[in-house]
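Undergrad: Shown below is the structure under consideration.
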Amino acid sequence: MLRKLIRTSLITFFLLFDSHNASLSQSRDDIKQINEKKEQENLISYSEINTIILKNNQELKSLNELVLSSKFNLNSELAKRNPSLDLTVNGLPQYQKGRTYNSNSGNTKTSQLSVNPSLQLKLDIFDPLRGNEIKIAKLNYEIAQNNYDIRKKDLIQEAKSRYHELQKSYQDVLNKEIALDLSIQSLKDAESKLETGIGTKFEVLEANAQLTRDRQLLNEKKIQQKINELALREILNIKKDFHIEKKQALKGYWNYDLETILKSGIQNNLSLKNTSLQKKIKQNQAKNFLNANKPKIFISNTFSSSFTKGDSLTSAAIDSDEYGSSYTNTISLNFSWNIFDGGQNRNSFKSQMASANEENFSYFNIQNILESDINKAHLNLKLNEAKILSTLDEVSSTKESLRLSRLRYEVGISTLKDVLIRQKELSDARSKNIDAVYKYNLNLDQLERLTFLKINTNCTDQSID
C-alpha cells in the first residue's frame, strides 16, 4: 500500500514537473516571438536611411530655412521692377493757431484744422543697378540650394557609414562569441585530459589564459557596438529603440571605368558649380560699381490734396465753420546721374574683378582634390574586392586547420598550443573578412557620393558568411 502511494506521488510530481517545464518552454517561445516582432517593427533597413535623414535631421531643416530665405530675397529683388505707391499724410489732422502783428498793415490771426494727404506713384524706366542685383539674387538662391544638397548628400553618406560600422560591430561581437565558445571547449578538453592523466597543468593554464583574453575582447567589441549604435542614433535623430539588419552583405558592385567616373564627378560636383556661381556673383557686383555712374530714369505721378476748416491769416473775426479743399496732380519724367565720383567706383570694379578671378584657382584646386579622392576610392574598392575573396579562402582554410588540429590534439599527436594558435588564426581571418566587406561598402557609398552615379544592386542579396 505504501509503495503504491509513493509510486502515485512520484508519477503526479513528474507529470506536474513536465507540465511546468512545458509551460516555461511555451512562455519562452512566446517571449521570443514577441521580441522578434518588436525587432521587426523597429527595424531600420539600409534603404530607409535617405528618408529618415530628410525627415529627422535638424541640420538639414536649418539649411532648408536658408534656402527659403534666399528665395524670398530673390522675390524681393524681382518686385523692384513693379511700380511703387506711397501715401503720405501731413497732419492727421493738423491744427494751426497763431497771430501776426504788422505796423504797416492790419494784424491777422489763424485758427485752422487741416489734413494734407499725398499719393505718389513711381515707375522706374531705367535703373542700371536693378538687372545685376536680380542676377546676384538668383545666383545666391542657386548656391543655397546647392549647399543644401551638398550637406544632404554628406549626411546620408555619413549615416550609411555609421550603419555599416554598426553592422560590422554585430559581426565582430559574433566572431568573438564564436572564439569564446572555442576557448571554452579547449579549456574543457585540457581539463578532461588532465583528469585522465594524459594532459598537463600548463595546457590548462594556457587554455584558461586564452579564455580570459577572448572574454575581454568580446566585452570590448560589445562596448564598441553600443558606441556605434549611439552614433547612428544621433545622426538619424531617433529617440525610440531601433534595430538594423545585423548580417553583413555586399550593397552592390561598381561597373564603371575610371574615365567615366572622373568625368561624371567633375560635371556634377556641386562645390565646383558653387565656385563658378561665386565667380559670376562677383562679376555682377563689379559691373554694378560701373553702372553706379550711369543715369537713372523714372516716371512719377504725385497727387496732393488739402482739406481745411477754420480761417487762416484773416484780419476779421475767425469763422470756425469755414471750410475748403484743393488738389494738384503732377506727372513728371525724372532723371538723375552721378557723373563723377573721383574714380571710387572704377577702383572698386577692379578690386571685385580681381576677387572674381581668384575663384578660378579655387575651382582648379577643388577639381584636383576631387580627382584624387575618386582615384583613391576606386583603387581601394578594387583592393577590398580582392580582400573579400582572399579572406573567404583564408576563413575556409583556417576552419579546416582548426578541425585537423583539434583531431590531432584529441589523439595525442599535437599540443593544445597548436589548437589555440589555429583558433586565433580563424578569429583573425573572420575579422579580416568582416573588415573587407565593411570597407568595400564604404568605398561604394563614397564613389556614389563623389560621382553621382548609381550603385548596381543586382548582388544586394548575396550575403557574406
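Undergrad: Check which residues have an amide H placed less than 5 Å from GLY252's amide H, if you skip close sequence neighbours.
TA: none
Undergrad: What ranking of VAL419, VAL115 comes out by heavy-atom accessible area, probe 1.4 Å, highest first?
TA: The most accessible residue leads, giving VAL115, VAL419.
Undergrad: Between ASN237 and VAL115, take the C-beta separation as r, use R0 = 56 Å, and let me know the FRET efficiency to the nearest 0.05.
TA: Between ASN237 and VAL115 the formula returns 0.40.
Undergrad: Just the number, please: carbon plus sulfur as a percent of the accessible area of the stretch 94-227, 1.4 Å probe, no ligands or DNA/RNA counted.
TA: So the carbon and sulfur contribution to the accessible surface is 50 percent.
Undergrad: Among ASP418, ASP181, what's the order by accessible area (1.4 angstrom probe), most exposed first?
TA: Listed by decreasing accessible area, they come as ASP181, ASP418.
Undergrad: Further question on the same structure: Residues with amide H under 5 Å of TYR323's amide H, sequence separation 5 or more or different chain, H placed in the peptide plane at 1.01 Å from N; which?
TA: Residues meeting the criterion, in which the H sits 1.01 Å from N, are GLY310.
Undergrad: TYR101 to SER336: FRET efficiency via 1/(1 + (r/R0)^6), r the Cβ-Cβ distance, R0 60 Å, to the nearest 0.05?
TA: 0.85
Undergrad: Okay, next question. Of the listed pairs LYS55/LYS153; LYS55/LYS251; LYS168/LYS387, which have alpha-carbon separations greater than 18 Å here?
TA: LYS55/LYS251
Undergrad: List, in order, the whole-Hz ³J(HN,Hα) value for each residue of the stretch 398-403 obtained from phi through the Karplus relation with A = 6.51, B = -1.76, C = 1.60 and θ = phi - 60°; use x for Gly and Pro.
TA: 5, 4, 5, 4, 5, 4
Undergrad: Something else about it: What FRET efficiency would be calculated for the residue pair GLU259, SER396, taking the C-beta separation as r and a Förster radius of 30 Å, to the nearest 0.05?
TA: FRET efficiency, GLU259 to SER396: 0.25.
Undergrad: For the stretch 77-223, what proportion of DSSP beta bridges, expressed in % and rounded to the nearest 5, is antiparallel?
TA: 100 percent
Undergrad: Right, another one. Please give, to one decimal in nm, the separation of the simple spin-label points placed at LYS188 and LYS61, each 7 Å out from Cα toward the Cβ.
TA: 5.4 nm
Undergrad: Same structure, new question: Listed highest first by mean packing, meaning other Cβ atoms within 10 Å per residue, what order do 397-403, 174-180 come in?
TA: The packing order, highest mean first, is 174-180, 397-403.
Undergrad: Multiply the residue gap between ASN375 and GLU195 by 0.36 nm, knock off their C-alpha separation, and tell me the result in nm, one decimal place.
TA: Gain on stretching ASN375 to GLU195: 58.7 nm.
Undergrad: Can you list the lysines whose alpha carbon is less than 20 Å from that of LYS122, not counting same-chain residues fewer than 8 positions off?
TA: Result set, ordered by chain and number: LYS80, LYS294, LYS296.
Undergrad: Given the whole protein assembly as supplied and a 1.4 Å probe, what does the accessible area of ILE366 come to in Å², nearest 10?
TA: For ILE366, the solvent-accessible surface is approximately 50 Å².
Undergrad: Counting alpha carbon pairs within less than 8 Å and at least 6 residues apart, what relative contact order, in whole percent, applies to the stretch 263-416?
TA: Relative CO of the stretch 263-416 lands at 29 percent.
Undergrad: Another one. Expressed in nm to one decimal, what extension gain is obtained for the pair PHE307 and LEU43 from 0.36 nm per residue of sequence separation less their Cα-Cα distance?
TA: Computed gain between PHE307 and LEU43 is 87.4 nm.
The values are calculated or read from the model by the stated rules, or taken from the named source; none is laboratory data. A quick note: this is a predicted structure, and the numbers were derived from the prediction, not measured. Cβ atoms come from the backbone with ideal geometry, glycine included; neighbour counts cover every protein chain shown. Accessible surface areas use protein heavy atoms only, side chains included; no ligands, DNA or RNA. Shrake-Rupley method; radii C 1.70, N 1.55, O 1.52, S 1.80 Å.
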